[in-house]
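Data block below; observations after.
The values are calculated or read from the model by the stated rules, or taken from the named source; none is laboratory data. The model shown is predicted, which means the values in this text are computed figures rather than measured ones. A quick note on method: Cβ atoms are made from the backbone with ideal geometry, for glycine too, and the neighbour counts reach across all protein chains shown.
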Amino acid sequence: MLLDSSEIRKLETSFLLLFEKTLFKGIKGRPAHSYLRSVKTQFKSKTFQVQIDRIINDVYLRSIDYTDKRLGIKKKKASKSASFSAAAAKPLPITEEAVRQASSLSKEVTESVIRILKDDGLYLEHPNKLEKRVRDIWGNQKHKAIRFTRTFTADVATNTELWRYQDSGIDDLQFYAKIDDKTSPQCRMLHGTIFRADSPEVRRYRPPLHFHCRSDLIPVPVTRKVDPKMRFENRNFSRSMDQKFNPLDDRVDKDLIDKTFEDIDTFNEKYRIDQFILDEDLEARLQKLNVQVLTELPSGKSRESIIRDYEVDIKKRKTEKAILFDEKGNILLEKTGGVDYVSFTDEEVKLFEGTFMTHNHPRSSSFSMQDISLACRSKLKEIRAAGKFRTYIMKAKNGENLYPDLWYKKISDVYEYHNSEVRREFLRKIDNGELSIEDAELLHSHEVWTRAAKDISDLDYSYIEEKT
């Protein structure tokens, strides 16, 4: 399996050693009061950026090599000189993201080191006396860096693997987990599931699904007749499969299935690289590495990247603006409105079915009741609300359009219940001085939709943290 291969494990180790080396480069020989500034400088340095870029290049190359060997593809060698000469240019999106996440983690670790040194009464000691204690503290913090470097490397590796399968013309992919007493509930549940290689679901449920995940996607031979019941959209997840994909007699409780999907969504939201970053990086890095592409790369940017580019602009507006996109990212409609609304004619609403709408919220809050009601009644595929701090996304979990009965029969009452519930809780916190009125107004809708989405299995509610 790719994530259990020696090549990927070596790259994870290289990433971890680079993180550790850079951290101690900022700490060694320095007084504790300068740790934060010095460590930040090291992780923002060009040297760290170039080194991490080379590791990411190798993750791409090793993942493609692994996939090509599995498929029996003979190809020309990638040019490593291209990767190194290009490293000094503007960093590619995944490199930027790796630097950002590594810098954030290094700050967290450094703050923990400083806090412990103060508790131990060592904060003002000479740097020579601090080093051994700092290394001891690092030993207790190292698991965070291991978790980060493994997860980041695995995410890039399996995204590259998935692209190569698509590039090779593979139609179907099957989730494969090693079944033993260490198998996670997430991987055990999805083991055997077959996805269309170009489906949104395969992107969402590809490994890693949790920390230290070692599962894989394997190509389904064209000669094999696929049992429709094994496809994701038809799977009965109450019955797990053995190693050879035979259904087991034991039944899995529905609540456990729902919780397992929630755990996957939570992990993806917190720890996976945003898909638009992976998409933006792909074409540029393949060209940089001189990778042999078997089919033509899609012309231009992905739909997600196009939408994100527009969201960068509209989230700065003081009044709302809505933009409607088709599947390919072409703009179908642009409409401006007031501080908290955009109005549409009946003729304009007829364009909505199966499309993707983004709009900005000047107050940076999540969706209003009217947003989701309109999205369901008009059968949007996806609705987004872009703000200064987050961009919120609502769509159907099965990848289909939202639909009127979803609002009338499922969402409406659940929304009203949680809206009242959150209002009572927030008012109590405001009265107790635990929450400001400004924060309550900002967070209210998000909290309501978070709770509603947990109650309604059809809904997929998520958000992207924005850089402020």
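Go through the stretch 345-355 and give me each residue that's within 18 Å of TYR403 (Cβ to Cβ), not charged (D, E, K, R) and not in a helix (DSSP H, G or I). Working first, answer last.
If we filter the stretch 345-355 for residues that are within 18 Å of TYR403 (Cβ to Cβ), which is where we start, we get 349-355.
Now drop any that are not not charged (D, E, K, R), which leaves 349, 351-352, 354-355.
Passing the criteria: LEU351, PHE352, GLY354, THR355.
List pairs: first in the stretch 120-148 and assigned by the TED database to the domain that holds LYS21 and of a type in the set (Asp, Glu), second in a loop (DSSP other than H, G, I, E, B) and surrounded by 11 or more Cβ atoms within 10 Å (Cβ to Cβ), Cβ under 7 Å, 6+ apart or cross-chain?
Partner pairs satisfying both residue conditions: GLU131/LYS28.
So, in the stretch 16-37, how many residues would count as being farther than 17 Å from LEU117 by Cα, surrounded by 14 or more Cβ atoms within 10 Å (Cβ to Cβ) and of a type outside the set (D, E, K, R)?
4
Just one of the numbered conditions (1) surrounded by 16 or more Cβ atoms within 10 Å (Cβ to Cβ); (2) part of a helix (DSSP H, G or I); (3) touching a Lys or Arg at 6+ places or on another chain (Cβ under 8 Å) is not true of GLU262; which one?
All conditions are met except number (1).
Exactly one condition in (1) in contact with a Ser or Thr (Cβ under 7 Å, 6 or more places away or on another chain); (2) outside any helix (DSSP H, G or I) is false for GLY29; which is it?
Condition not satisfied by GLY29: (1).
Go over the candidates GLU416, GLU434, GLU425 one by one and state the one that is part of a loop (DSSP other than H, G, I, E, B) and either under 21 Å from the mean Cα position of the chain (by Cα) or farther than 30 Å from ARG196 by Cβ (or both).
Working: GLU416 fails: part of a loop (DSSP other than H, G, I, E, B); GLU425 fails: part of a loop (DSSP other than H, G, I, E, B).
GLU434 is the lone residue from the list that is part of a loop (DSSP other than H, G, I, E, B) and either under 21 Å from the mean Cα position of the chain (by Cα) or farther than 30 Å from ARG196 by Cβ (or both).
State all residues of the stretch 167-208 that are assigned to a loop (DSSP other than H, G, I, E, B) and free of Cβ contacts under 8 Å to residues at least 40 places away in the same chain; if no residue qualifies, say none.
Here is the first cut: in the stretch 167-208, the residues assigned to a loop (DSSP other than H, G, I, E, B) are 168-171, 177-184, 191-193, 197-199, 206-208.
ALA177, ASP180, ASP181, LYS182, THR183, SER184, ALA197, ASP198, listed by residue number.
Quick one: which residue in PHE245, PHE152, PHE237, PHE211 is farther than 28 Å from GLU327 by Cα and assigned to a helix (DSSP H, G or I)?
Numbers: PHE245 fails: assigned to a helix (DSSP H, G or I); PHE237 fails: assigned to a helix (DSSP H, G or I); PHE211 fails: assigned to a helix (DSSP H, G or I).
Every option except PHE152 fails the conditions.
Just checking, does the stretch 266-282 include any residue being free of Cβ contacts under 8 Å to residues at least 24 places away in the same chain and of a type in the set (A, V, I, L, M, F, W, C)? Spell out how you get there, then give the answer.
So the first thing to find is which residues in the stretch 266-282 are free of Cβ contacts under 8 Å to residues at least 24 places away in the same chain, and the list is 266, 270.
Restricting the remaining residues to those that are of a type in the set (A, V, I, L, M, F, W, C) gives none.
No, there is no match, as no residue in the stretch 266-282 is free of Cβ contacts under 8 Å to residues at least 24 places away in the same chain and of a type in the set (A, V, I, L, M, F, W, C).
Just one of the numbered conditions (1) farther than 25 Å from TRP163 by Cβ; (2) modelled with pLDDT of 90 or more is not true of LYS225; which one?
So the condition that LYS225 fails would be (2).
Please find, within the stretch 1-15, the residue that is surrounded by the fewest Cβ atoms within 10 Å (Cβ to Cβ) out of those that are among the polar types (S, T, N, Q) and part of a helix (DSSP H, G or I). Full working, then the answer.
Within the stretch 1-15, the first condition is being among the polar types (S, T, N, Q), and the residues that meet it are 5-6, 13-14.
Among the residues that remain, those that are also part of a helix (DSSP H, G or I) are: 6, 13-14.
Values: SER6: 8, THR13: 14, SER14: 18.
The qualifying residue surrounded by the fewest Cβ atoms within 10 Å (Cβ to Cβ) is SER6.
So that you can scan it fast, the table gives a plain yes or no per residue for (1) under 23 Å from PRO200 (Cα atoms); (2) surrounded by 14 or more Cβ atoms within 10 Å (Cβ to Cβ):
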site	(1), (2)
TYR403	yes, yes
HIS418	no, yes
VAL422	no, yes
GLY433	no, no
SER436	no, no
LEU442	no, yes
GLU447	no, yes
LYS454	yes, yes
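Tally time: how many residues in the stretch 151-172 are in contact with a Pro (Cβ under 8 Å, 6 or more places away or on another chain) and at pLDDT 95 or above?
4
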